[in-house]
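Trainee: Submitted below is the structure of interest, expressed as structure tokens.
Each reported figure results from applying straightforward, stated rules to the coordinates on display, with no laboratory input. Treat the numbers as computed from the prediction; the structure is a model and nothing was measured. So basically every Cβ, Gly included, is an ideal-geometry build from the backbone, and we count neighbours across all protein chains shown.
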Protein chains: 2
Amino acid sequence: MFAPRAVALVGASGDEAKNTSRPQRYLLKHGYAGKIAPINPSRSEISGISCYKNLVDTPYPVDHVFIMVEDVESALEDCGRKAVPVASIFSDGFADAGDAGMARQRRLVARARELGVRLLGPNSMGMINLTGGVALSVNAILEMEAPPRGGTSLVSQSGTMLGTILSRGAARGFGFSKLVSVGNESDLGVGELVELLAADPDTRSILLFLETVRDAERLAAGARAAHAAGKPVVAYKLGRSKLGERLARSHTGALAGEDVALDAYFRDCGIARVDLLETLIEIGPLLAGRRPPDLGAVPRAPRVSVVTTTGGGAASVVDRLGTQGIETVSPDGAAPIVDLTMGKKAAAYGAVVGELLDFPGSDAVLAVVGSSAQFHPRHAVEPIIAAPRGAKPLAVFLTPQADQSLALLAQAGIAAFRTPEACADALHAYFTWKAPRGEKPGSPPAWPAGVPAEGNLTEAQALAVFAAAGVPVVESAIAKAPDYAHELSYPVALKILEAGVAHKSDVGGVVLGISSRREFDAKARQLAKGGAPLLVQRMETGLAEAIVGYREDPVVGPLVMVGAGGILAELYNDVVLRLAPVTEAEALEMVGRVKGFAVLRGYRGLPRGDLQALARAVAAMSRLALLAGRPLREAEANPVIVRGQGVVAVDALAVLKKEK
Amino acid sequence: MFAPRAVALVGASGDEAKNTSRPQRYLLKHGYAGKIAPINPSRSEISGISCYKNLVDTPYPVDHVFIMVEDVESALEDCGRKAVPVASIFSDGFADAGDAGMARQRRLVARARELGVRLLGPNSMGMINLTGGVALSVNAILEMEAPPRGGTSLVSQSGTMLGTILSRGAARGFGFSKLVSVGNESDLGVGELVELLAADPDTRSILLFLETVRDAERLAAGARAAHAAGKPVVAYKLGRSKLGERLARSHTGALAGEDVALDAYFRDCGIARVDLLETLIEIGPLLAGRRPPDLGAVPRAPRVSVVTTTGGGAASVVDRLGTQGIETVSPDGAAPIVDLTMGKKAAAYGAVVGELLDFPGSDAVLAVVGSSAQFHPRHAVEPIIAAPRGAKPLAVFLTPQADQSLALLAQAGIAAFRTPEACADALHAYFTWKAPRGEKPGSPPAWPAGVPAEGNLTEAQALAVFAAAGVPVVESAIAKAPDYAHELSYPVALKILEAGVAHKSDVGGVVLGISSRREFDAKARQLAKGGAPLLVQRMETGLAEAIVGYREDPVVGPLVMVGAGGILAELYNDVVLRLAPVTEAEALEMVGRVKGFAVLRGYRGLPRGDLQALARAVAAMSRLALLAGRPLREAEANPVIVRGQGVVAVDALAVLKKEK
């Protein structure tokens, strides 16, 4: 894959105007030491290198083939005949080209498996191994002379971004090892590539440019492998669209929009997520060689110490940090930042950097340098480079255009940022970076007897599923014609019991607060058209309402959600999402992040609610993810009434994957 | 100020290590054509230019003095004697240095007024007039050779930012006219400088780097002048802190945090606000020569058409635009963007840019260019430069490091962006840019007889103030000892009437839902300790609650606020703020932005509330700003009950500026 002894270029061209001429040129230009076999039936040589009519004609073993012809299928057969282990496919017309293309891709992958050939692409721009000297790509970035080499590798779902990130990094002296364009990910995907890079001795940190996640489990495994190898994985992910919403039945479905689900996913995988494109390029040295930060058992705001030669420059970063809940602290406790005026000697700056790196009161150090970074780079950044490295991460922001200073810092392995926003974004990504989640906690819940695993479930059945999982549910009974007798004490609620009706109140299918048998009889007659059975529930009261949901996301898998009840979850998106299952402690942390629960935390002297019991219910709901075969697509208790002691779910919805 | 025929440098030094040697060097280096008079009692010449012992010794009139000595006061006296019209003061130790410094500054300004000398600073880095060749500054950016000249001018509260913005702009071929460091703004402030630049023929757009706003009215006037001259004003403002919150009595005070108040202020001034520092540098050409956009009478999402040679590159901008509510549309209606693959000819790209600029379905055009921008700049950007300019703004994002392409576009006056985020931020700033508000609407309300304009107001008095302003208020009466008789029909609410008690419910000073005279008597006895009078109000019910507030912000002046009632305003910050007063139409637009009012707009089949009446109440509250002498510091009706027909304020708080 990354270090072939010989490569073949199927469809190589001698016409420099064509993209297909590039790989040969680029391999030579960037010092490929192995053999190059251009494959082109109508040429005997290309730019002085002997050409072969067919891959099978090459007189030596080929480790990696780059396919640039339309007839990919024939080229693949040749790879099989030649026992080539890896083929990268530049050609498109597969999953990128509608249903027919998708079918073509499936056939191609199936055949590749038979032949024992691993595929990168189709629709891949190829792979660049800078530290190994293998520029096997059509990306025009390789027109560049000697891009700097370094310990950062990139896996990208956009081929162009290889060039974008390499060229922007190179301009500031920031070196890369491997850059891979995964194209359609028909076989080798982002996850497997992360695994490979986790094992790659030249890679110290791994960047991901993502448009989607095609194999969440494999990427999670790759991220775990990278974490185990001490290599941070950082993702920039496009697409905050809400495609999933239209398909969802419950609030949980609608609220678990793709992007927040991915946030929860990245977090649980131990992947740091950045918001700005340039942060992806610049963050490497901030995380390289580090573990996710440990801010102690009790959650608190992260703290940064700041030294600067320019008040305005530092403020532009600190302001941004503040909006992300990151505090600034200085050893003397008085001023939030250490502001060294222009007159001060460089030695003083270096001493302060060292002092801040040693200062136990902060979690990271930010050094801001003003105009000197432009005209006296050595003088400006030398004290930072010379400062003794502490255990804390150090981020540098240079206020002027200062390419040389950026390069000096990059060479010294120090994270340097071009913009205040990327600098703040990187520190935020560092502080929210977690170690990958371990094994999924807990044991699978029981499935209640008599509840089918296919078809539509009634609310009574949904309540039974929740109860079996350990979620406290309201006392209920099914009342049947002709007399609709039940044993519950008044007041009660009455609901239609038709399976698959989600928002019963919206269709007039619910009567609340029935206080007597007489009222009950009258309402039951109204509700139960045609003698259908009804669901009777005890009326429950409490301090506030919550929503607790479960959903299997098509991209990242099972999710659990908790949010403020009533309309708050929906209007204000006041919900917190995690990959399911979660422990009770994790559920409590989720509950702590729901703003609307302020009313249960003693806000304005209001009585406190049992948030621990709510967390237990959230953890119980999340364990639906452990059911054998995961029969549920979504489930929701809405509302869950929170009392001073305990909680109770009074409304239940459960949707099976196999609906009728 | 900007074009002195002669300048004097008080405290000029010949020692190149000193900042005070810089202005002379920089003036010469950047081609100053006038006379330079270094003033230094211990030198006869500095670097070949005759030195004077004292400013008054100069044998010619001096138009602009740069003061760099500690004894600013003596230098100012000399300016007076010499009849110098403008002095810029680099020296610090004034408002930047505590109370004593502030007193010193006041004395300095008073004396300057007497002498007829206008001051820039103290603590100013000076002024750079690139188009006029006057580099009168200590900013080290002037070490640079020949920074490009252009039509953009900058006023900055941070001296360092002059260098930051000039150097970063210059690196991409982006030219400036004037750059001014205002320092402490003791005399010449941001507002007056904007006025000067509005009248400056070399300035086409005006950038502001702000840490605070020191004279909101003057800046508003400057922005109006710039608008009248067809020159956009763009601000980057630091400091999203919540300093004001601690001082506020009402919710309105606490919720009208400085930053949202400034947002409302900038909007009303016609100043476009950017979020990212680089946007400030790059946005100029997008707005230059344009008026704020008119998206029609009915508010709708802004629409951008996109052409690109790289899907990933375009997506990184479009994704960001989407999160800001900006839509993408293409002429064919099918694909959201026009994606031209690498193979296509440049001519095709240019034709599409022209087509999109003509396309009536979009409000702006975004052109994204991939790797060709790096290695074939002319080829890549020529079609964009050559495309016929339409009435719409055109923004260009280049995905790779492409300094030469950026420079070519800058020279052609086309807005080009280094990062996808700045590109999206600039388009967002363009779309939210408004023309300055005209005259304050409406006539002043009456002040109710018997309500004092000093001291603490009771709730009954606050209600009277609101009613006189036109806010519908609850029917109320004051019940007095011994029998607490009143004429209101039950149910009623009962409240203590002590002046200056803000959150009465929190101190047990409110009883709601009293349904009979007997209950009333009992509650009145409990509440009215010592026979104090009580406030009786009719109990009102409605569909939902709102909060309507007024506040005089120390920075931007009178503000009006409307938000969701109960705890929603506070927990979710679900409030909308504007400078007061507002028209009813503007108030309706504010009401339309409160998320929580979804329940009054027919959400889930709920009955609709009278939002027009709420808007009338908001407009009425906002007219408190028109009261002669503006006696109120803050006022709040919370809650205002919204009914199907009409609204009514049931709780009132009004705080006078002159409290007891």
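Trainee: Sort shortest first the distances from B:Glu16 to its counterpart in every other copy, using label points 7 Å along the Cα-to-beta-carbon line, and give them in nm.
Mentor: 4.4
Trainee: Length gain on complete extension for the stretch A:Ser74 to A:Gln645, per 0.36 nm per residue less the alpha carbon to alpha carbon distance?
Mentor: 198.6 nm
Trainee: Report, for A:Leu606, each distance to the same residue's label point in the other copies, shortest first and in nm; define the point 7 Å along Cα→Cβ.
Mentor: Copy-to-copy label distances for A:Leu606: 1.5 nm.
Trainee: Peptide A:160-170: average number of partner chain Cβ atoms within 10 Å per residue?
Mentor: Across the residues of A:160-170, the mean count of other-chain Cβ atoms within 10 Å is 6.
Trainee: Could you put B:Thr20, B:Thr310 in order, starting from the residue whose Cβ has the fewest other Cβ atoms within 10 Å?
Mentor: B:Thr20, B:Thr310
Trainee: Could I have the simple spin-label model distance between A:Arg113 and B:Arg300, label points 7 Å from Cα toward Cβ, reported in nm to one decimal?
Mentor: 5.0 nm
Trainee: Based on the Kirkwood radius over alpha-carbon pairs, what is the Stokes-Einstein translational diffusion coefficient of the range B:553-660 at 4 °C with 1.567 mPa s viscosity, in µm²/s?
Mentor: In µm²/s, the coefficient rounds to 90.
Trainee: Now for a separate question. How far apart are the A:Ser50 label points across copies, placing each 7 Å from Cα toward Cβ, in nm, shortest first?
Mentor: Relative to the other copies, A:Ser50 has label-point distances of 8.6 nm.
Trainee: Modelling each spin label as a point 7 Å along the Cα-to-Cβ direction, I'd like the B:Leu512/A:Ser515 distance in nm, to one decimal.
Mentor: 2.0 nm
Trainee: With a cap of 16 neighbouring Cβ atoms within 10 Å, and only residues DSSP puts in a loop, list the GluC sites (Glu not before Pro) found in the range A:435-486.
Mentor: A:Glu439, A:Glu454, A:Glu475
Trainee: Then there's this: Give the dimensionless ratio obtained when the Cα radius of gyration of chain B is divided by 2.2 N^0.38 Å.
Mentor: So the Cα radius of gyration is 1.16 times the expected 2.2 N^0.38 Å.
Trainee: Limiting things to C-alpha atoms, what are the Rg and the maximum Cα-Cα separation (Dmax) for the protein assembly as shown, in angstroms?
Mentor: In order Rg, Dmax, the Cα atoms of the protein assembly as shown give 34.8, 116 Å.
Trainee: Set the Förster radius R0 to 60 Å, insert the Cβ-Cβ distance between B:Ala348 and B:Glu475 as r into 1/(1 + (r/R0)^6), and round the FRET efficiency to 0.05.
Mentor: Working from the Cβ atoms, E equals 0.25.
Trainee: State, as an integer percentage, the relative contact order of the range A:533-606 based on alpha-carbon contacts under 8 Å between residues 6 or more apart.
Mentor: Once normalised by length, the contact order is 25 percent.
Trainee: Can you list which of the trypsin sites (Lys or Arg not before Pro) found in the range A:284-338 are DSSP loop residues with at most 12 other C-beta atoms within 10 Å?
Mentor: Those satisfying the criteria are A:Arg300.
Trainee: Still on this structure, I have one more. Considering only DSSP beta bridges with both partners in the range B:102-229, what is the antiparallel share in %, to the nearest 5?
Mentor: Just about 45 percent of them are antiparallel.
Trainee: Hey, what number do you get for chain B at 222 nm if only DSSP H runs of n ≥ 4 count, each worth -39500 (n - 2.57), divided across all residues, to the nearest 500?
Mentor: -9500 deg cm²/dmol, from helical runs alone.
Trainee: Here's another thing I want to ask about it. Give me a single rounded figure for A:601-612: the average over its residues of other chain Cβ atoms within 10 Å of their Cβ.
Mentor: 1
Trainee: Starting from the Cα of B:Ala435, step 7 Å along the direction of its Cβ; do the same at B:Lys529; then give the gap between the two resulting points in nm.
Mentor: Result: 5.9 nm between the two label points.
Trainee: What FRET efficiency comes out for B:Ala391 versus B:Arg149 if R0 is 30 angstrom and r is the Cβ-Cβ distance? Round to the nearest 0.05.
Mentor: Given R0 = 30 Å and the Cβ-Cβ separation, E is 0.65.
Trainee: Equivalent-ellipsoid semi-axes (√(5λ), Cα gyration tensor) for the range B:455-558, whole Å, largest first?
Mentor: In descending order, the three semi-axes are 26, 16, 13 Å.
Trainee: Could you tell me how far the Cα centroid of the range B:116-191 sits from the Cα centroid of the range A:437-484, in Å?
Mentor: 70 Å
Trainee: Still on this structure: Above 17 angstrom, tally the Cα pairs of the range A:309-394 and express them as a % of all pairs, no decimals.
Mentor: 48 percent
Trainee: Within the range B:438-508, list the trypsin sites (Lys or Arg not before Pro) lying in a DSSP loop whose Cβ has at most 16 other Cβ atoms in a 10 Å radius.
Mentor: Counting only loop positions with at most 16 other Cβ atoms within 10 Å, the trypsin sites (Lys or Arg not before Pro) in the range B:438-508 are B:Lys480.
Trainee: Moving to a separate point now. Please work out the FRET efficiency for the pair A:Ala522 and A:Ala585, using the Cβ-Cβ distance as r and a Förster radius of 45 Å; give the result to the nearest 0.05.
Mentor: That gives a FRET efficiency of 0.40.
Trainee: Nearest the rotation axis from B to A, which residue of chain B has its beta carbon, and at what whole-angstrom distance?
Mentor: B:Tyr572, 2
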